[in-house]
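The values are calculated or read from the model by the stated rules, or taken from the named source; none is laboratory data. Remember, predicted model here, so these are calculated numbers, not experimental data. Glycine gets a Cβ as well: all are built from the backbone with ideal geometry, and neighbour counts include every protein chain shown.
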Amino acid sequence: MNEFNDLFDDHLFDIDKVKEKTVKLKDGERRMVSILFADVKGFTALSEKLDHEDIQSLMDHIMKIFSHSIEVHGGYVDKYTGDQIMGLFGAKVASEVDTERAISCGLDMISKLNKFNYLVSSSNKYNKIKIDLSIRVGINTGMVTTGKIGKEREGDYTVYGDSVNLASRMESNAPVNTIMIPDYTMNLVKKSFQFIDNGEIQVKGKSEPISVFIVDSKKDKKILHTSPFIGRDNELEQLNKTYFKCNKYIKTGMTEKITVMGIHSEAGVGKSRLIYEFLSNSIDLDVDLYSMGSCSNVSSQPYNLFISLIKDSFSISIIDNQNTVKNKLESGIKYLISLNPEKDKVLNDSKVFLGLLLGIKYDDERLNDKKEIVNHIRISIRVFIESLCSKANQKKCAFIIIMEDIHWIDNMSMQTLEYLLQTFNIQSKRDSSSLAVPLFICTYRIEYSLDETIVSNSIFIDTILKPLTKDSSIELIEELTSDIELGQKKVLELYDKSNGNPFFIEEWVSLIKEKNISDKVDRSRELIEDYSIPNTLNSLILSRIDSLEKDLRLLLQKATIIGEEFFLKILSLLEDKLGLKKDIKKPIDNLEAENFIHHFLKQIDQYKFKHILTRDVAYSTILKSNRKVLHKSVAEVIEENFPDIIEKFYYELAVHYDHAQNYDKAINYLEKSGNKFQNLIDMKNALLCYKRIIEIYKDQNIKKNETLYLAQSQVGKIYGFLGKTDKSISLFTSLINNKDKISKTILSKIYFYLGDVYENKRENDLSLENYNNSYELSKEIGDNDLSAELNRCIGIVMMNIGNFDEALNYYKKHMNHFLKEKNKVQIATISGNIGLIHFHQGKLEESYKFFEKQYQICKELDSKQLLQHALGNMALIDNIKGEYKSAIAKFDDILTICEDINDIISISNTLGNMGIAYKNIAEYDRAIEHYEMQLEIAENSQFKSHICSANTNMGVAYYHIGNFKKSYELYQKSEKIINQINDKNLESMLYGNKGMLLFDMGKLDDAFDEYKKSYEIFSVLNNVRGKALINFEKAKILFYKNNFKESEKEIIKSCNILESIGDLPNYAKSLIQFSKINRKLNKIEEASKYIQKAYNVSLKINLNHYVNESNVEQKIINMYKENNSKDLLQLVDTASSKLGNELVAYIHYNLWEYNKLESSKKLAFDLYTNLYKKSPKKIYKDYIGNLS
């Protein structure tokens, strides 16, 4: 029945290793022991339905499972009697831990029997028979006698006495599927378990009834602190005040930011102890109210802080197998959904990426999009933490998140923490739903400065944990040495040398007690006075380590090999590998009791050194030759026992084998770690791995081979990614110089990476040369995916240099390959590239189709970066086509996406685009509002190009509302920045806008110069639309100067381009200008034709301003054509309110010019005077001058 093996997966052994054994105890000794009796019920009923051999087989399986459970909980099987099993715990040394083990074992037996029932009932053999076996468990702790039973049973020992009898009575009186214990035993472990009072029962052999209890559940085991908590009242009060203030936020909803409390101090001053006391006193360590994450100086795992937080929240151990981790994750997510039903979808989405962090890979297409992984991970962590707050918040308590040792935080965790602080509750704020309220408590060393981003984006409370005052130090010393006559001189010396560091004080007191000075030797003052106090904490720790028994000291040293944190299971397996006893729970308990280590609050089999210095000092005492052996052994233990989760240990294995000087394996795991880090976009740690490979080759004089060249190529690639282009190019060039020694597979990638570096620098010729070299090699070695990707890359270069048709051909090749591969991420990417080609070619409809296709795929994949690109380009086309409201709606969607992923650059860019859209519909106040928001973000983030863009666009808005002075000032600010950053796009737009302002200020020649500069840049950039817009502006200047022939040439160019690319708003505007030019040239029919076109285009895109302007211009043409102003007069009489003051003034001016009507002259004069007051345009002034 192999299906039963699942009942053994979570322990040290598999079913085949379980052996029935009895304990051989020393004859005739009295010991304090925990005795467990377990009796299986239900076989009698089954015997009527099953053959006796089947009954025996089932019983055999159950007893093996129970034996296994007893052994892995540190007990021994004493005997089997029928359906009953008896186990002993603490047969060598009695302690409360042995009672805990016995009860934990009993709970495990009940759980395992339930699983056994399910498995048997589900099997083909027994599925028609109801298997419902149950169990009764009785446990008692007390004094027993050990000895031989029976002359003929040589070597068979057992325990006997009243305590054994009472344990048996507990079993016989227990309700089924429960554990019964007497009150004495309950009191030994009442801090570790919850109990139900079962009243009193009469027990055979006892004259009085005894109180008994049923075990209900396990409590979280608290850390045992042997020293008193002294001198921290103020800090504890500050923690409590902060917590209670956060609790008020739940009722009031009056918080926009997360509260972050930073606790920093020197090493050993008591940050962790302070937090433990706070959690104990404020929330009684209620697991619904807090979770803990920590950073490590021995692990480079990206997102380590949040991985540890997830594990702590879902009770996941690093040594859990894949199935166990997956089950715990999915159970945890289901529990969070039950608390947050409205987050069902987002939590299920998050499960995929939280699983990725835990080494669980789901079949999900989003995992193929490497560029999006970081965004998905961050959003998933945010959703997870927001949901985690629910249970606590429902109890009107803030959820406490402890982040220990932030001074060791990895890069990806820091970026995610910054993201959290800027985006927490973002969806709830949009929905106006209840906000999740956490309290973040970060601990870090005094020399570490918390990032300014953390401080500025939170309600930050700074707490410095100073060394104890003299009075508090002396109080602590006196409390710890209450049983020692420690003289005042020694007390003061201890205070002076400790500098108020409680860890130093505790270590010295522990040392003198370990040396038996306190209890077992002369207690005289002289002896204490003679005992020296080391000058440094390191010396003191070393003295303490030296004072340990040899076996304990060696065990402590071996734990340091595993790391600052270690698991009982791994250390046990290491002992077994070294041929030593693997039952190490007792010595580990001793090390914890001696304050060298402590277990995690929620993971009682996971331990951490009480102080990192303890780990470092203990590690330094190991002989170098022994370190090599131990590191190798730890690595082998991990490889041999955790093959299904080995990916979690890649970096740790690399470190162990590196220390063991097994460089082949170290290189292998460094390479795997580097790849893993790259997949999570943790390029800095990936770089460290590949650099270490290169160092090993150099230091060990290893002959160069493919592994080295691959590592060097990855270093070059990462340099390029990090913007270190010179280093990247230098490294790739040196590799190419030795290309004869490098395989074509690696060489093809080297050329590819180098092409990327040059493309980012816009060195198109060099980029194209390297891409082509890579392409030829990829075809030669048959790497079709690389060939297809290179088609896209070459297409990008072709687009950069304006060869749009060639670029399109390359893109289509790329598209065809990945359509066959059904790679949606690549299809979405290339759809966007093709859309851009059509856009630059002016094929707006075709362009829109490809962006829409990209949008649909990205929406399906939840690919946020590409999604915002697709929406942005669609909105840009909407803007060009005059569909401004549609553009604004898309920009709103983009803003939501950008806020979700905290893409500050894109938020800034989108606010600018929204400003442009509002400007286009003449909502200038809203436009300025969005430009100001963009400017604030850009200045805070030092995005110089965005600062420039915001100032320029704001200048345009102020220009439109007639504030020319403000507009000019903003243009001048932009020009200063442009000269620093050399951005040609921004430069061309600035000159164009500046020209428009100068034109309206009447500085026509200066305006023309600005337009010429703008036109030259647009020509270099091959920006046909930009050139067309400048043609229009030049035509206006020439028209104003009465140079109608030259004006006509410019406007024809403008109209042709704008019509071809589908820029209908600007095309309509150009047609109106073209009509005016023709009218001045007395080409009345031509003027009429073009104004009719303008009217039709404007009507098509609902541009009412241009519809009205076209209508007015048509009436003016008719007036001259038919020599009759009647229609124009009728228009101004009936539609003045709809036309606006500028058009009405223009009509009256033309009426006065045509027939010298005084009424029209006065109306035009008054209107232009008012318009000039609002916007001092030169053209208004000239009209006023002509009229007067």
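Here are some conditions: (1) surrounded by fewer than 23 Cβ atoms within 10 Å (Cβ to Cβ); (2) touching a Leu at 6+ places or on another chain (Cβ under 7 Å); (3) modelled with pLDDT of 95 or more. LYS739 meets all but one. Which one does it not meet?
Of the numbered conditions (1) surrounded by fewer than 23 Cβ atoms within 10 Å (Cβ to Cβ); (2) touching a Leu at 6+ places or on another chain (Cβ under 7 Å); (3) modelled with pLDDT of 95 or more, the odd one out for LYS739 is (3).
Just to verify a result, which residue in the range 1077-1092, among those that are in a helix (DSSP H, G or I) and basic (Lys, Arg), is surrounded by the fewest Cβ atoms within 10 Å (Cβ to Cβ)?
LYS1080
Looking only at residues in the range 163-196 that are charged (D, E, K, R) and modelled with pLDDT under 90, which one is nearest to the chain's Cα centre (by Cα)?
Here is the first cut: in the range 163-196, the residues charged (D, E, K, R) are 169, 171, 183, 190-191.
With the extra rule that they be modelled with pLDDT under 90, the set shrinks to 190-191.
Values: LYS190: 39, LYS191: 36 Å.
Top of the filtered list is LYS191.
Residues in the range 673-705 that are farther than 30 Å from ASN375 by Cβ and outside any helix (DSSP H, G or I): how many?
Residues meeting the conditions: 6.
For the range 984-1012, what are the residues that are surrounded by fewer than 17 Cβ atoms within 10 Å (Cβ to Cβ) and under 30 Å from ASN803 (Cβ atoms)?
LYS984, ASN985, LYS1012
Just to be sure before I move on: is THR443 assigned by TED's automatic domain parsing to the domain that holds GLU386, of a type in the set (S, T, N, Q), touching a residue at least 60 places away in the same chain (Cβ under 8 Å) and closer than 24 Å to MET412 by Cα in the structure I sent?
So THR443 passes the test.
Given the residues LEU591, LEU613, which is the only one that is farther than 22 Å from SER308 by Cα and either outside any helix (DSSP H, G or I) or not small (Gly, Ala, Ser) (or both)? Spell out the reasoning first.
On the way: LEU613 fails: farther than 22 Å from SER308 by Cα.
Going through LEU591, LEU613 in turn, just one is farther than 22 Å from SER308 by Cα and either outside any helix (DSSP H, G or I) or not small (Gly, Ala, Ser) (or both): LEU591.
Looking only at the range 697-731, count how many residues are surrounded by fewer than 19 Cβ atoms within 10 Å (Cβ to Cβ) and touching a residue at least 40 places away in the same chain (Cβ under 8 Å).
Counting residues in the range 697-731 that are surrounded by fewer than 19 Cβ atoms within 10 Å (Cβ to Cβ) and touching a residue at least 40 places away in the same chain (Cβ under 8 Å) gives 2.
Quick check: is even one residue across the range 801-813 in contact with a Phe, Trp or Tyr (Cβ under 9 Å, 6 or more places away or on another chain) and either of a type outside the set (Val, Ile, Thr) or surrounded by fewer than 22 Cβ atoms within 10 Å (Cβ to Cβ) (or both)?
No, there is no match, as no residue in the range 801-813 is in contact with a Phe, Trp or Tyr (Cβ under 9 Å, 6 or more places away or on another chain) and either of a type outside the set (Val, Ile, Thr) or surrounded by fewer than 22 Cβ atoms within 10 Å (Cβ to Cβ) (or both).
Would you check which residues across the range 632-661 are buried (at least 18 other Cβ atoms within 10 Å of the Cβ) and not in a helix (DSSP H, G or I) and list them?
PHE642, ALA660
Consider ASN323 carefully, then state whether it is in the same structural domain as THR443 (by TED's automatic domain parsing), more than 29 Å from ASN425 (Cα to Cα) and part of a helix (DSSP H, G or I).
So ASN323 passes the test.
Identify, from the list LYS859, LYS864, the residue that is within 22 Å of the chain's Cα centre (by Cα), closer than 21 Å to ASP892 by Cβ and without any contact (Cβ under 8 Å) to a residue 12 or more places away in the chain.
LYS859
Which one of the conditions (1) in contact (Cβ under 8 Å) with a residue 60 or more places away in the chain; (2) surrounded by fewer than 19 Cβ atoms within 10 Å (Cβ to Cβ); (3) part of a helix (DSSP H, G or I) does LYS257 fail to meet, given that it meets all the rest?
(3)
Which of the residues that make up the range 447-491 are small (Gly, Ala, Ser) and in contact with a strand residue (DSSP E or B) (Cβ under 7 Å, 6 or more places away or on another chain)?
Passing the criteria: only SER458.
Every residue, every condition in (1) assigned to a helix (DSSP H, G or I); (2) within 60 Å of the chain's Cα centre (by Cα); (3) buried (at least 19 other Cβ atoms within 10 Å of the Cβ), yes or no:
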site	(1), (2), (3)
ALA1094	yes, yes, yes
ASN1102	no, yes, no
HIS1105	yes, yes, no
SER1110	yes, yes, yes
GLN1114	yes, no, yes
VAL1144	yes, yes, yes
TRP1152	yes, no, yes
LYS1162	yes, no, no
ASP1182	yes, no, no
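What single numbered condition from (1) among the hydroxyl-bearing types (Ser, Thr, Tyr); (2) over 24 Å from PHE567 (Cα atoms); (3) modelled with pLDDT of 85 or more fails to hold for SER67?
Of (1) among the hydroxyl-bearing types (Ser, Thr, Tyr); (2) over 24 Å from PHE567 (Cα atoms); (3) modelled with pLDDT of 85 or more, only one is false for SER67: (2).
Quick one: GLN934 ticks every box in (1) surrounded by fewer than 24 Cβ atoms within 10 Å (Cβ to Cβ); (2) in contact (Cβ under 8 Å) with a residue 12 or more places away in the chain; (3) at negative phi; (4) under 27 Å from the mean Cα position of the chain (by Cα) bar one, so which box is it?
(1)
Please find, among ILE1030, ILE1037, ILE1052, the residue that is at pLDDT 90 or above, of a type in the set (Val, Ile, Thr), assigned to a helix (DSSP H, G or I) and surrounded by fewer than 20 Cβ atoms within 10 Å (Cβ to Cβ).
None of the others qualify; the one that does is ILE1052.
Run SER1188 past the list (1) closer than 19 Å to GLU1113 by Cβ; (2) over 60 Å from the mean Cα position of the chain (by Cα); (3) at pLDDT below 90 and report the number of the one that doesn't hold.
With respect to (1) closer than 19 Å to GLU1113 by Cβ; (2) over 60 Å from the mean Cα position of the chain (by Cα); (3) at pLDDT below 90, SER1188 is out only on (1).
Under 6 Å between Cβ atoms, which residue pairs at least 6 apart in sequence (or on different chains) link something in the range 266-282 that is within 17 Å of ASN499 (Cβ to Cβ) with a partner that is among the β-branched types (Val, Ile, Thr)?
What qualifies is GLU266/ILE446; LYS271/ILE263; LYS271/THR443.
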